[in-house]
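First up is the structure itself, then whatever we jot down about it.
What follows draws every value from the coordinates through simple rules; no lab data is involved. Quick caveat, the model's predicted, so the values are computed rather than measured. Please note: Cβ atoms are built from the backbone with ideal geometry, for glycine as well, and neighbour counts cover all protein chains shown.
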């Protein structure tokens, strides 16, 4: 065999080996630990220290698991992944920044499970969603953010279906929402994009605004608390494309700080609709406040004992 042939074969062997190493560099499951090191391969026995360190070593569709209590740092997610802190005190300290940014592909699904995000009053958004098919947040806490706890703001993409937000057993609190449009949870899809959300068994309490729903967003809130927010519990706002909120079996209490413009449920604009069933709405500045939209009751809500006025729905629909 000529020297040239040997050199060619060796070169191909090296390229194959490099490719194999690159492919194996991303594992389906990786691990983080408070005493880990991001130079590690993020294996069970050699864990990484931060979510950002682990995510580059985790394959799309994989999972980052937490070995022990710790603060694992802010992270940007650009692919399908699960970040799972179940069984541990897994935290993100988002001082002066966003805790989690999701800017994934149109078919990507991201799950955040059992994570505590603490913004310490200087952090921006707890979770900022810019792109992806769906975001699931479960058994998690987001506190002390200066903009939104969760800012669900999917940008215009090639996909025709709506981006999805699913929350279960999530607590969002002490969010000051300084910029206009922010809230404990804010749903405001970009032009040409739609968002749908289901919020279940959650608490959106003690913020400036609890939940804000804007044009092309449709949310169902079920068995949850939106109470003690200094402005509105729920605000549905749109004069262009439809903004819709359906609130079922929830409590909206003690929202507002002494003004006739704040309410448990407020709708603003001709394209805003709130539908109410089985809720308790009491102790707010105003119970129901309509400013040009629709508040539809299914006739089984308790709206009583609000400070200035209880308010009335614009219509009552039969419950199916």
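Below are the figures for this structure:
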item: Relative contact order (%) - criterion: Cα under 8 Å, at least six apart; region: the chain; result: 8
item: Semi-axes of the equivalent ellipsoid for the range 32-85, Cα gyration tensor, largest first, Å; result: 16, 11, 10
item: Relative contact order of the range 47-151, defined on C-alpha pairs under 8 angstrom at six or more residues apart (%); result: 22
item: For the chain, calculated [θ]222 nm from helices alone, where every DSSP H run of n ≥ 4 adds -39500 (n - 2.57); result: -2500 deg cm²/dmol
item: Cα-based shape type of the range 106-182, given that a ≥ b ≥ c are square roots of the gyration tensor eigenvalues and the cut on a/c is 1.5; result: oblate
item: Hydrodynamic radius of the chain per Kirkwood, over alpha carbon pairs, in Å; result: 20.8
item: Whole-angstrom gap from the range 55-104 to the range 106-166, using each part's C-alpha centre; result: 12
item: Gyration tensor (alpha-carbon) shape descriptor, the range 28-192, a/c threshold 1.5; result: oblate
item: Residue 44/residue 314 FRET efficiency (R0 41 Å; Cβ-Cβ; nearest 0.05); result: 0.10
item: FRET efficiency estimate (nearest 0.05) - Cβ-Cβ, residue 300 to residue 139, R0 30 angstrom; result: 0.50
item: Spin-label model distance (nm) - residue 198 vs residue 76, 7 Å beyond Cα toward Cβ; result: 3.2
item: Listed residues 141, 180, 97, most fluctuating in the chain (Gaussian network, C-alpha, under 10 Å); result: 180
item: Burial ordering of 48, 145, fewest other beta-carbon atoms within 10 Å first; result: 48, 145
item: FRET efficiency, 1/(1 + (r/R0)^6) with R0 41 Å, evaluated for residue 169 and residue 257 via beta carbons; result: 0.90
item: Principal semi-axes in Å for the range 225-320 [√(5λ), Cα gyration tensor, largest first]; result: 18, 16, 11
item: Kirkwood Rh, angstrom, the range 220-264 [1 / mean 1/r, Cα pairs]; result: 11.4
item: Relative contact order of the range 225-320, defined on C-alpha pairs under 8 angstrom at six or more residues apart (%); result: 25
item: Alpha-carbon Rg with Dmax, taken over the range 159-265, Å; result: 13.1, 44
item: Ranked list, fewest to most other Cβ atoms within 10 Å of each Cβ, for 266, 57; result: 57, 266
item: 262, 251, 76 arranged by Cβ crowding within 10 Å, fewest neighbours leading; result: 76, 251, 262
